[in-house]
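The values are calculated or read from the model by the stated rules, or taken from the named source; none is laboratory data. Bear in mind the structure is a predicted one, so any value in this text is a computation, not a measurement. Using ideal geometry, Cβ is built from the backbone for each residue, glycine included, and neighbour counts are taken over all protein chains shown. These accessible areas exclude ligands, DNA and RNA; they are computed on the full protein's heavy atoms, side chains included. Shrake-Rupley method; radii C 1.70, N 1.55, O 1.52, S 1.80 Å.
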Amino acid sequence: MTDPRERDAADQAQGLRDRIAPRDAAPPLRVIAVTSGKGGVGKTHISANLAVLAARAGRRVLLVDADLGLANADIVLGICPTHHLGHLLEGAASAEQVLTQGPRGVRVLGASSGIQSLTRLTHAQKLTLVSAFEALDRRFDLVLVDCGAGIGDNVLFFAGAAQEALLVVSPEPTSLSDAYATVKVLSQQAGVTRFGVVANQAADFQGRDVFRRLTQVTGRFLDARLAYLGAIPRDEDLPRAGRVQQPLVELYPRAPASRALQGLCDAILAAPPPSSLPGGVKLFWQQLLRERQPAA
C-alpha cells in the first residue's frame, strides 16, 4: 500500500506545480549546474569566469551561488551583496534587491548565513520564493548554478533543477573516484544525464586521461552521457586575480587559463541545450523547488 505521507507529499507537489505552471511560451532557458566531486578544484572560479565570458558574448546571465555553507562567488567577482535569499524569505528584501550586479552585467543570486536549511523550506516558503521571482521571468537566458562540492542534499537539490551539469575534475589521485561518485549520485538520484567534464589545473593530456578512465567506469555501470570539454592549465595569474578580487578573464584576459576558459565558454554556448525549456526562470524555480518524495 502507498504510504499516506508519500501521497500527501505528491498532492502537495502537484499543487505547487499547478500554482506556478507557465501560462505562455518564453525563449528556451539554459540551466547548467557546475559541480565537483571534491572541494578545492576551482569550481567557483570556473563558474564566475564563465558567467563573465558568457555575458561578454551577449548572454543575459544569472549566477546562482548554491554553495550555501561556503558561499564565495561574490568574492571571486569582487562584489558586495547587501541582501541574500534569507532576506527575501524574511520579507526584508524584494527579488530585485536580492540580485547583485557583477562584471559585464552578470546578476548574482547570493547565499549567506541563515539559509543553510534551504532544502527544508516549508511549502509556503517555496511558494513565496517562486512568486517573488515570477517578476524576473524572461530576464535571463543562461543560468549557471555554482553548487557546493560533494554529493550532499544541497547539491542534489540544485543540480536536479538543471538541464545539464558541468563536472570539474583535477589530476589528483582522488579525483577519479570522487568524480565517479558525483556522476552516479546525480544521475541516479537527481535525474542529471548530461555531464560536460572539465579538468582544472591540468594539462590537456592529464585531463583526457582522467576523462578516459572515468568513462570506462561510467559507461559500464551508469546511464549518463559524458563529454570532455577541455582542460584549464595551472596559471599563476589566477591567485593574483583572487587576491584583488577580480575575475581572471577581466584582469588577465591573455593568461593561459583565460584563453582556455574562453574556449570552454565558446564550446558551451555553441552546443544546443539538451531540450527546450519554455517558461523562463520561473520554470527553473518550479523544478528547483519541487517537493521531494520522502525516503522509503
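Could you list, ordered by first residue, the pairs with Cβ atoms under 7 Å in which the first is in segment 27-55 and more than 18 Å from residue 156 (Cα to Cα) and open to solvent by 20 Å² or more (accessible area, probe 1.4 Å) and the second is aliphatic (A, V, I, L, M) and part of a loop (DSSP other than H, G, I, E, B), at least 6 apart or interchain?
Close Cβ pairs (under 7 Å, with a partner that is aliphatic (A, V, I, L, M) and part of a loop (DSSP other than H, G, I, E, B)) amount to 28/277.
Among the residues of segment 71-91 satisfying the criterion of being assigned to a helix (DSSP H, G or I) and under 16 Å from residue 103 (Cβ atoms), which is most open to solvent (accessible area, probe 1.4 Å)?
First, the residues of segment 71-91 that are assigned to a helix (DSSP H, G or I): 73-77, 85-90.
Next, from what is left, pick out any that are under 16 Å from residue 103 (Cβ atoms): 73-77.
Values: 73: 1, 74: 43, 75: 84, 76: 17, 77: 8 Å².
Across segment 71-91, the extreme among qualifying residues is 75.
Enumerate the helices (runs of 4 or more DSSP H) found wholly within segment 178-254, keeping only those where 1 or more residues are farther than 18 Å from residue 266 by Cβ and among the acidic types (Asp, Glu). Explain how you work it out, then say what you get.
Values: elements: 204-221, 237-243, 248-251.
Per the criteria, 204-221, 237-243.
What pairs come out if I take residues in segment 178-192 that are open to solvent by 50 Å² or more (accessible area, probe 1.4 Å) and pair them with residues that are outside any helix (DSSP H, G or I) and of a type in the set (A, V, I, L, M, F, W, C) whose C-beta lies under 7 Å away, six or more apart or interchain?
Correct list of pairs: 184/222.
Quick one: which residue in 125, 97 is at pLDDT 65 or above, in a helix (DSSP H, G or I), in contact with a His (Cβ under 9 Å, 6 or more places away or on another chain) and open to solvent by 50 Å² or more (accessible area, probe 1.4 Å)? So that I can check it myself, show each step before the final result.
Working: 125 fails: in contact with a His (Cβ under 9 Å, 6 or more places away or on another chain).
Among 125, 97, only 97 is at pLDDT 65 or above, in a helix (DSSP H, G or I), in contact with a His (Cβ under 9 Å, 6 or more places away or on another chain) and open to solvent by 50 Å² or more (accessible area, probe 1.4 Å).
For a quick check of your reading of the model, give me the residue pairs whose first member lies in segment 195-220 and is over 11 Å from residue 176 (Cα atoms) and open to solvent by less than 40 Å² (accessible area, probe 1.4 Å), whose second is of a type in the set (Asp, Glu) and not in a helix (DSSP H, G or I), with beta-carbon atoms closer than 8 Å and at least 6 apart or on different chains.
From segment 195-220, the pairs are 195/164; 196/164.
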